[in-house]
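The values are calculated or read from the model by the stated rules, or taken from the named source; none is laboratory data. Bear in mind that the values here come from a model prediction, so they are computed numbers and not experimental data. Because the Cβ atoms are built from the backbone with ideal geometry, glycine has one as well, and the counts that use them run over all protein chains shown. SASA here: full protein model, heavy atoms, side chains in, ligands and nucleic acids out. Shrake-Rupley method; radii C 1.70, N 1.55, O 1.52, S 1.80 Å.
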Amino acid sequence: MNNEFTIVVPDNKVLSCVCGTNDSNLKLIEEHLGIPVFTKGNELSIENDDLSVCQKFQFIIDRIIDEINDGSKNSEDIVISVLNTQKKVNKDEISINIPGAFKRIYPRTQNQAEYISLLQEKDMVFCSGAAGSGKTFLAVAQALFLVLTRKKNKLIITRPVVEAGENLGFLPGDLEQKLNPYLRPLRDSMESVLPIETVKHLFEAGIIEVAPLAYMRGRTLNNAVIILDEAQNTTCAQMKMFLTRMGENSKVFITGDQTQIDLPKKQTSGLVHALNVLQNINDIGFMELTTDDVVRNNLVKKIVKAYENE
């Protein structure tokens, strides 16, 4: 006789969303697991002796509930997204669980699941993708996890400041004030998953450091996680300089969008060049996110696709 594995969902409205109209969501879950799912009162259960199947069932239901509680409205889209992200990556629990965060970070697409897997496994990861595809947000989330679980001592964030000609001297204020407009999107990503006071403390304690790319020369960065954002706006020389800053026990995440290069037309992007030069190094992870991975807003996805088709 098979053992019964039961999950209790105390909120009836959430349970209704999990099950879907006429149990349509449960049918999708059953198809994915290959076994029937039973409902009784506020309980969902399966009959199975395989612990891994039970764990997969638990993860699927937990994640669907998390997404519903986070404000996602279309429960069928949630279920399809959850099941699809499990198909491409041979791991059932691809997620980022940051200590003290508002929520666990889950991939919303198959490519995002593969990207998170690379961030977790590789010491250097390049990710190129459209605006809103999650390339920077997921890198920041994984970096925060590494720092807050004390696997790394420090998070260093940098980006080229093309608009200021890499010369910040003429801008008003101290270095942090000069950099704030350029690095605000990264701080926004942090504050979307952690309390503002926590983020502020990490900056004030020097656990998170921000610096323009030009200030990285000559440094060796040990036991740190380093993010290079807007990498499409580096020159080839800048990219080589940055990559060779990597020290012992460090991780490096490089993100950029090859369709938004602000360099002079005759100048080759350091990101484009690096992707070509380094593609055969197996120790480096490479990921390209597409418009299908845009999760910021459905209208953003349509806008990006329209520009791609223009």
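Just for segment 5-20: of the residues that are touching a residue at least 40 places away in the same chain (Cβ under 8 Å) and more than 22 Å from N48 (Cβ to Cβ), which one is surrounded by the fewest Cβ atoms within 10 Å (Cβ to Cβ)?
Step one: filter segment 5-20 for residues touching a residue at least 40 places away in the same chain (Cβ under 8 Å), giving 5, 7, 9, 14, 17-18, 20.
Then drop every residue that is not more than 22 Å from N48 (Cβ to Cβ), which leaves 14, 17.
On the way: V14: 16, C17: 24.
Only one residue fits best here, namely V14.
Every test in (1) closer than 21 Å to L186 by Cβ; (2) polar (S, T, N, Q); (3) not in a helix (DSSP H, G or I) is passed by Q232 save one, and that test is (3).
From the residues in segment 96-134 that are out of contact with any strand residue (DSSP E or B) (no Cβ under 6 Å at 6 or more places or on another chain) and hydroxyl-bearing (S, T, Y), which one is modelled with the highest pLDDT?
From segment 96-134, those out of contact with any strand residue (DSSP E or B) (no Cβ under 6 Å at 6 or more places or on another chain) are 97-104, 106-110, 112-114, 116-117, 120-121, 130-132, 134; that's our starting set.
Next cut, hydroxyl-bearing (S, T, Y) only: 106, 109, 117.
On the way: Y106: 84, T109: 82, S117: 93.
This residue is S117.
Has segment 215-224 got any residue that is surrounded by fewer than 16 Cβ atoms within 10 Å (Cβ to Cβ), in contact with a strand residue (DSSP E or B) (Cβ under 6 Å, 6 or more places away or on another chain) and not acidic (D, E)? Within segment 215-224, not a single residue is surrounded by fewer than 16 Cβ atoms within 10 Å (Cβ to Cβ), in contact with a strand residue (DSSP E or B) (Cβ under 6 Å, 6 or more places away or on another chain) and not acidic (D, E). Examine segment 52-70 for a residue that is free of Cβ contacts under 8 Å to residues at least 40 places away in the same chain, crowded, with 16+ Cβ neighbours inside 10 Å and not in a helix (DSSP H, G or I), and state whether such a residue exists. Checked segment 52-70: no residue is free of Cβ contacts under 8 Å to residues at least 40 places away in the same chain, crowded, with 16+ Cβ neighbours inside 10 Å and not in a helix (DSSP H, G or I). I261 meets all of the listed conditions (1) assigned to a helix (DSSP H, G or I); (2) farther than 20 Å from Q142 by Cβ but one, namely (1). In this entry, A141 passes the filter for residues that are among the small types (G, A, S) and modelled with pLDDT of 90 or more. Would you be able to say whether some residue in segment 286-297 is of a type outside the set (D, E) and more than 22 Å from L119 (Cβ to Cβ)? Yes, segment 286-297 contains a residue that is of a type outside the set (D, E) and more than 22 Å from L119 (Cβ to Cβ). Within segment 278-300, can one find any residue that is open to solvent by 40 Å² or more (accessible area, probe 1.4 Å), of a type in the set (V, I, T) and either in contact with an Asp or Glu (Cβ under 6 Å, 6 or more places away or on another chain) or modelled with pLDDT under 90 (or both)? Yes: one or more hits. One residue stands out among those in segment 191-229 that are assigned to a strand (DSSP E or B) and of a type in the set (G, A, S): the one that is modelled with the highest pLDDT, which is A224.
Considering only residues of segment 1-43 that are in a helix (DSSP H, G or I) and on the phi > 0 side of the Ramachandran plot, which is farthest from the chain's Cα centre (by Cα)?
N22
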